[in-house]
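The values are calculated or read from the model by the stated rules, or taken from the named source; none is laboratory data. Just so you know, these numbers come straight off a predicted model, no measurement behind them. Don't worry about glycine lacking a Cβ; one is built from the backbone with ideal geometry, like all the others, and counts go over all protein chains shown.
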Ligand SMILES: Nc1ncnc2c1ncn2[C@@H]1O[C@H](COP(=O)(O)OP(=O)(O)OP(=O)(O)O)[C@@H](O)[C@H]1O
Ligand SMILES: [Mg+2]
């Protein structure tokens, strides 16, 4: 029995969790459906960030650049008459391409220089879209046509689209945690010279990681544009989005598969509760909480959680 | 270049700003030969290895391995030319186990190996370097001597034809050092060409067919161990009179000599 559990326990747990999350959209009410859609959105963004920050060790504070790029590409394509699914696919590709084109130059920068450069990239893209005008709508933004679906069906559709993003992003991270490509990224992070001497093209590996991160984040941006129906530069290229995802990653645990999910769920649900109960104090309370987590469990919730679970297992074995 | 050379360096010069770390050094290593590279601290030994493995650029000169010009190639291409190295300042992948560290070396070097085969190769190498019982530990959990052995293990996992060792004996005790000397001899018997950078003279004398001495970035001697170690310039620049006196007193070549 225990051997059986050991072998199939983890996949079973994942499968049942996936089923519950999938079915949830049919019994959640409108309010909680929106909350959980936003949670799933942040799970996807945080996992996307996990790829470049947790695995590659490059602190991309400006990943919002991909979110905005995805939102604008998807919105413009939908306006041009593309079906939603095609627009979402294309906007992920645009996100990946952006990372692949700029990566070789930007990923040459180390530490905080890279972080600052990504923030600058985000501002530059926002500025560009404001000034190009035309199809991008410039300062007016883009209003997309109303969906023909009923509100609840629309919310369910968006929920499922975000769930897809979160699931794919998590699968990518899971793949990184055990594949050869994942080893190449992690080796490059720990010792660049060591990795290169062992035959790893560290630049290419990093650029590819950023490409994955960009694709995931841009997809989420595309779904978000469809969700809120109206986009403008300020909310699409919002650095605080990356910062929030960064906090979730920090809280959950960088470089782990489950950590970012826990971080995103914990933070977003908590933020919603605090906001609904305390209103004006909400930022203060969250700020204090974030400081507490970072001070007391700097490697994220996942480490003490794992320890707790393995303790429980041992006790279970004894009893 | 002669067909039986594994390494041929011509006029290599390495500059760091105003510092000339390596100055017009030329040297060769025959296939299957073990060449010692010695000299005082800051002589430029590590810089020369770094320029061979393309981690620092040459400002002048050229490097050929097994007849191929590698002066301009990307550093990650070196394993594909059969070259592996260790780092004097160890460069472990800190968040991965020793086994994974070694497996990564196997995975991406000569021919790209599937993950499971690379793990098997890693196990075989760790067995050979005596780290099997620590395979599941992280680099920070083992001693410095073990981390040095990890450096060697990773290089071996790449099945090199030319191996560059940078001070792998430093920090090892006598037993560990003897094991390392034994390992180097075995590798030579298998046909591997080796460059050994080392301050431990006992090890140099025990394994080298030839010795090259560097000082202030320049090559000051190159020849068979006996003649080089008795060369007055070498004694003056590096070994010191004490080494020579001790050698003649004990009549033995296996006294450990100059330490840093
Ligand atoms: N990255 C670097 N930047 C600037 N100077 C450097 C760098 N690396 C080495 N040097 C300088 O180059 C010279 C040669 O150093 P190198 O490390 O090659 O000597 P070494 O022979 O390996 O010495 P040791 O026996 O102490 O290892 C020294 O003067 C050193 O300070
Ligand atoms: Mg050195």
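Quick check on the range A:219-257: of everything there that is away from chain B (no Cβ under 14 Å) and not in a helix (DSSP H, G or I), which residue is modelled with the highest pLDDT?
This residue is A:237.
Which members of the range B:177-221 meet the condition of being away from ligand 1 (no atom under 16 Å from the Cβ), touching a strand residue (DSSP E or B) at 6+ places or on another chain (Cβ under 6 Å) and within 19 Å of residue B:45 (Cα to Cα)?
Matches in the range B:177-221: B:193, B:194, B:207, B:208, B:209, B:210.
Just give me the residues in the range B:66-79 being within 16 Å of residue A:199 (Cα to Cα), within 20 Å of the chain's Cα centre (by Cα) and either more than 10 Å from chain A (Cβ to nearest Cβ) or surrounded by 17 or more Cβ atoms within 10 Å (Cβ to Cβ) (or both), in sequence order.
Answer for the range B:66-79, where residues must be within 16 Å of residue A:199 (Cα to Cα), within 20 Å of the chain's Cα centre (by Cα) and either more than 10 Å from chain A (Cβ to nearest Cβ) or surrounded by 17 or more Cβ atoms within 10 Å (Cβ to Cβ) (or both): B:70, B:75, B:76, B:78, B:79.
Mind listing whichever residues of the range B:157-204 are within 14 Å of chain A (Cβ to nearest Cβ) and within 16 Å of ligand 2 (Cβ to nearest atom)?
Once the filter is applied, which keeps residues that are within 14 Å of chain A (Cβ to nearest Cβ) and within 16 Å of ligand 2 (Cβ to nearest atom), the range B:157-204 yields B:164, B:165, B:166.
Which condition does residue B:91 not pass, out of (1) within 16 Å of ligand 1 (Cβ to nearest atom); (2) modelled with pLDDT of 95 or more, if it passes all the others?
Against the list (1) within 16 Å of ligand 1 (Cβ to nearest atom); (2) modelled with pLDDT of 95 or more, residue B:91 comes up short only on (2).
Can you tell which of A:132, A:168, A:94, A:173 is over 30 Å from residue B:93 (Cα atoms) and at pLDDT 90 or above?
Of A:132, A:168, A:94, A:173, the one residue that is over 30 Å from residue B:93 (Cα atoms) and at pLDDT 90 or above is A:94.
Identify all residues within the range A:173-187 that are more than 9 Å from chain B (Cβ to nearest Cβ) and buried (at least 23 other Cβ atoms within 10 Å of the Cβ); write none if there are none.
A:173, A:176, A:185
Under 7 Å by Cβ, and 6 or more places apart or on different chains, what pairs join a residue from the range B:37-48 that is more than 14 Å from chain A (Cβ to nearest Cβ) and closer than 12 Å to residue B:218 by Cβ with one that is assigned to a strand (DSSP E or B) and near ligand 1 (Cβ under 6 Å from one of its atoms)?
Every condition considered, the pairs that remain are B:44/B:21.
Among the numbered criteria (1) away from ligand 1 (no atom under 16 Å from the Cβ); (2) in contact with a strand residue (DSSP E or B) (Cβ under 8 Å, 6 or more places away or on another chain), which single criterion is violated by residue B:142?
(2)
Return yes or no: is residue B:9 under 18 Å from the mean Cα position of the chain (by Cα), within 16 Å of ligand 2 (Cβ to nearest atom) and surrounded by 22 or more Cβ atoms within 10 Å (Cβ to Cβ)? Break it down stepwise before answering.
Working: under 18 Å from the mean Cα position of the chain (by Cα): yes; within 16 Å of ligand 2 (Cβ to nearest atom): no; surrounded by 22 or more Cβ atoms within 10 Å (Cβ to Cβ): yes.
The answer is no for residue B:9.
Here are B:145, B:103: which of them is touching a helix residue (DSSP H, G or I) at 6+ places or on another chain (Cβ under 7 Å) and within 10 Å of chain A (Cβ to nearest Cβ)? Steps first, please.
Values: B:145 fails: within 10 Å of chain A (Cβ to nearest Cβ).
Result: B:103 is the single residue among B:145, B:103 that is touching a helix residue (DSSP H, G or I) at 6+ places or on another chain (Cβ under 7 Å) and within 10 Å of chain A (Cβ to nearest Cβ).
With B:84, B:94 as the choices, which residue is in a strand (DSSP E or B) and either at the interface with chain A (Cβ under 8 Å from one of its Cβ atoms) or farther than 16 Å from residue A:184 by Cα (or both)? Don't jump to the end; show me each part of the working.
Working: B:94 fails: in a strand (DSSP E or B).
Unique residue meeting the criteria: B:84.
Residues are listed down the side, and each one gets a yes or a no for (1) farther than 21 Å from residue B:168 by Cβ; (2) within 16 Å of ligand 1 (Cβ to nearest atom):
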residue	(1), (2)
B:6	no, no
B:12	yes, yes
B:29	no, no
B:40	no, yes
B:47	no, yes
B:50	no, yes
B:55	no, yes
B:61	yes, yes
B:97	no, no
